[in-house]
Amino acid sequence: MPVFNNMLAGASGGAGAGGYEIERSLRFNSSDSAHLSRTPSSAGNRKTWTWSGWVKRSGLDQFNYLFDAVTTNPATGENRISFQDNEIKWYSNETQDTVETVGLFRDTAAWYHVVFVYNSTESTSSDRIKIYVNGVLQ
């Protein structure tokens, strides 16, 4: 199933959780401890990578993880992308970096396409981390 299809485009303006269903989508309730987890078989390339996903906020007063990567020592090896204070933020306790969007994302009826690009090989710090929302560099 392609990511860009009529179902996603039509659902982007839908109201609330009901009224439509998107095949193969996930919804996590804040009262549950449900999550997705993957343990890679090797370290892979940790210098350049991209995370992309369609997300929809269920409320504005929550701290919501979009992506969280943790090493065997979470105190020094956590990298996360989250909704916080109506912004999308990247935080790394390994490098003590925080990057946040300028735009605010407060529409609980809208779908947001979030793309996070990490490239530690860039010489300029502003080029190392990029966050795109709906195709716009933040």
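The values are calculated or read from the model by the stated rules, or taken from the named source; none is laboratory data. This structure is a prediction, so every number in the text was calculated from the model and none was measured. Here the Cβ positions follow ideal geometry from the backbone for every residue, glycine too, while neighbour counts run over all protein chains shown. With ligands, DNA and RNA removed, areas are computed over all heavy atoms of the protein, side chains included. Shrake-Rupley method; radii C 1.70, N 1.55, O 1.52, S 1.80 Å.
Taking the residues in the stretch 47-91 that are over 12 Å from the mean Cα position of the chain (by Cα) and touching a residue at least 24 places away in the same chain (Cβ under 8 Å) as candidates, determine which candidate is farthest from Glu23 (Cα to Cα).
Lys47
I need the full set of residues from the stretch 46-57 which are open to solvent by less than 90 Å² (accessible area, probe 1.4 Å) and part of a loop (DSSP other than H, G, I, E, B), in order please.
Matches in the stretch 46-57: Arg57 only.
Test each condition in (1) open to solvent by less than 30 Å² (accessible area, probe 1.4 Å); (2) more than 15 Å from the chain's Cα centre (by Cα) for Asp107 and report the one that comes out false.
For Asp107, the failing item is (1).
Considering every residue within the stretch 25-34, establish whether at least one is part of a loop (DSSP other than H, G, I, E, B), in contact (Cβ under 8 Å) with a residue 24 or more places away in the chain and touching a Lys or Arg at 6+ places or on another chain (Cβ under 7 Å).
no
Only one residue in Ala9, Ala43 is at pLDDT below 80 and assigned to a helix (DSSP H, G or I). Which one?
It is Ala9.
Scan the stretch 97-126 residue by residue and report those that are part of a strand (DSSP E or B) and of a type in the set (Asp, Glu).
Selection gives Asp97, Glu100.
Here are Val117, Val99, Val136: which of them is open to solvent by less than 60 Å² (accessible area, probe 1.4 Å), at pLDDT 85 or above and within 28 Å of Ser25 (Cα to Cα)? So that I can check it myself, show each step before the final result.
Details: Val99 fails: at pLDDT 85 or above; Val136 fails: open to solvent by less than 60 Å² (accessible area, probe 1.4 Å).
Just one listed residue meets the conditions, Val117.
So Thr72 ticks every box in (1) of a type in the set (S, T, N, Q); (2) farther than 16 Å from Tyr112 by Cβ; (3) modelled with pLDDT of 75 or more but one. Which box is left unticked?
Here Thr72 meets the rest and fails (3).
Give me a count of the residues in the stretch 120-132 that are in contact with a strand residue (DSSP E or B) (Cβ under 8 Å, 6 or more places away or on another chain) and open to solvent by 30 Å² or more (accessible area, probe 1.4 Å).
6
If we keep just the residues of the stretch 81-96 that are assigned to a strand (DSSP E or B), open to solvent by 10 Å² or more (accessible area, probe 1.4 Å) and more than 14 Å from Val117 (Cα to Cα), which is modelled with the lowest pLDDT?
Gln84
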